[in-house]
Amino acid sequence: MKKKIIIATRGSKLAMWQAEWVRGELQRRNPELDIELIKVKTTGDKILDVPLAKIGGKGLFVKEIEESILQGKADLAVHSMKDVPIALPEGLHITAICKREDPRDAFVSQIQNSKFKIRNFDDLPKGAIVGTSSLRRSCQILAKRPDLKVRQLRGNLDTRIRKLDEGQFDAIIVASAGIRRLGMAERITELLSTDISLPAIGQGAIGIECRRDDDFINNLLKDLNHPETSICIRAERAFLRRLEGGCQVPIAAYARINSSLVTPHPLLIIEGLVGSISGDTIIRSSIKGTIEEAESVGAALAEKLLLKGADKILSEVYGQSGS
């Protein structure tokens with residue numbers, strides 16, 4: 001039996017937390033294993049002064065990590081599912097998707113004199129500066145509040161919060177999952193409802209990628225797969241696949257399973273949207289289906305949005321972002 005396992009991960013605090021968590025779960029189940037982490041610097045980590053949408057290409061935060069698995073330098077990789085492109089390299093697959101943390105976006109306000117300057121999104125004054133690295137977030141924020149100034153904000157979570165507290169922004173919008181995992185939940189003053197900010201595809205979920213033909217690793221990881229999360233993420237990714245979207249375009253989707261005593265069979269409900277960069281146009285809808293047809297349900301929602309004109313918005317976005 002193989003005794004040593006190598007996990008590839010990005011070097012950010014959040015990526016390391018996620019990889020350490022996976023290592024801990026594997027070690028708990030298999031105490032005889034020696035599990036090592038290796039840090040891999042990705043394109044997205046190297047280029048910090050350019051908006052993600054302008055760098056172009058897909059897999060900005062995973063490509064180099066995937067290469068390390070294909071070259072045999074690592075046995076598996078731990079990713080934030082929202083960073084994982086729809087098309088994976090030949091020979092690799094996502095073998096486990098772990099239980100999802102709260103997928104909503106968090107409103108984080110500047111601290112002044114030991115107090116939060118602004119408590120929530122609705123309290124933002126006219127012309128307030130909001131930081132985000134995401135076109136998805138900025139288009140939804142501007143759709144609700146065209147008076148706000150949305151500014152580009154890159155860097156790890158510590159860097160983003162430092163820039164906020166230095167006064168460069170009145171508030172920032174980040175994924176609540178990351179801020180919770182790093183033990184900074186006290187900085188969240190509001191969890192934005194999905195009506196204000198529908199999450200990114202896969203947001204809040206950790207995915208584990210490995211070689212398809214590595215039976216030992218695949219068997220090792222199967223216990224870490226959370227079936228309900230996996231179904232929801234598959235639906236969201238099918239939605240994104242049909243729209244031919246990347247991670248850095250104003251596309252959002254959130255799937256959940258609704259189980260109740262009234263309906264004996266659990267229903268999959270997925271909401272999705274496509275927005276213009278300016279936030280002037282948001283095309284949004286939802287659809288229900290069975291959990292067995294998760295991918296068909298996600299694709300059907302995409303078709304629904306395309307019929308409403310989402311294709312026109314996406315072609316404009318790709319033209320503007322150059323990707």
- Across (1) at pLDDT 95 or above; (2) surrounded by fewer than 23 Cβ atoms within 10 Å (Cβ to Cβ); (3) of a type outside the set (A, V, I, L, M, F, W, C); (4) within 24 Å of residue 228 (Cβ to Cβ), residue 125 clears everything bar (4)
- Scanning region 178-230 for residues that are closer than 30 Å to residue 116 by Cβ and of a type in the set (Asp, Glu), which turns out surrounded by the fewest Cβ atoms within 10 Å (Cβ to Cβ)? 186
- State which residue pairs qualify: first residue of a type in the set (Ser, Thr, Tyr) and inside region 30-42, second residue outside any strand (DSSP E or B) in any location, beta carbons under 7 Å apart, and separation of 6 or more residues or different chains. 42/10; 42/60; 42/61; 42/62; 42/63; 42/64; 42/65
- Residue hits (region 134-157; out of contact with any strand residue (DSSP E or B) (no Cβ under 9 Å at 6 or more places or on another chain) and either under 29 Å from residue 15 (Cβ atoms) or in a helix (DSSP H, G or I) (or both)) are 144, 154, 155, 156
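Give 167, 204 a once-over and let me know the one that is of a type outside the set (Phe, Trp, Tyr) and over 28 Å from residue 33 (Cα atoms). Spell out the reasoning first.
Values: 204 fails: over 28 Å from residue 33 (Cα atoms).
Exactly one residue qualifies, and that residue is 167.
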- Message: Where the second residue is of a type in the set (A, V, I, L, M, F, W, C) and not in a helix (DSSP H, G or I) and the first is free of Cβ contacts under 8 Å to residues at least 40 places away in the same chain and over 22 Å from residue 187 (Cα atoms) and lies in region 117-146, which pairs have Cβ atoms under 9 Å and are six or more apart or on separate chains?
- Response: 126/148; 127/148; 145/124; 145/128; 145/130
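Which one is farthest from residue 80 (Cα to Cα), of the residues in region 162-178 that are within 19 Å of the chain's Cα centre (by Cα) and part of a helix (DSSP H, G or I)? Show your work before the answer.
We begin by selecting, within region 162-178, every residue within 19 Å of the chain's Cα centre (by Cα); these are 172-178.
Among the residues that remain, those that are also part of a helix (DSSP H, G or I) are: 176-178.
On the way: 176: 13, 177: 10, 178: 9 Å.
That would be 176.
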- Could you figure out which of (1) within 26 Å of residue 306 (Cα to Cα); (2) in contact with a Leu (Cβ under 7 Å, 6 or more places away or on another chain) isn't true of residue 194? (2)
- Which one of 217, 277, 270 is in the same structural domain as residue 69 (by TED's automatic domain parsing) and either in contact with a helix residue (DSSP H, G or I) (Cβ under 9 Å, 6 or more places away or on another chain) or touching a residue at least 24 places away in the same chain (Cβ under 8 Å) (or both)? 217
- Message: Can you list residue pairs whose Cβ atoms sit under 6 Å apart, with the first residue in region 198-210 being under 23 Å from residue 299 (Cβ atoms) and the second being among the small types (Gly, Ala, Ser)? Count only pairs 6 or more apart in sequence or on different chains.
- Response: 198/252; 201/253; 203/175; 204/177; 209/77
- Message: Whether any residue in region 124-137 is closer than 17 Å to residue 111 by Cα, under 19 Å from the mean Cα position of the chain (by Cα) and outside the structural domain of residue 10 (by TED's automatic domain parsing) is what I want to check.
- Response: yes
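The values are calculated or read from the model by the stated rules, or taken from the named source; none is laboratory data. Just so you know, these numbers come straight off a predicted model, no measurement behind them. Using ideal geometry, Cβ is built from the backbone for each residue, glycine included, and neighbour counts are taken over all protein chains shown.
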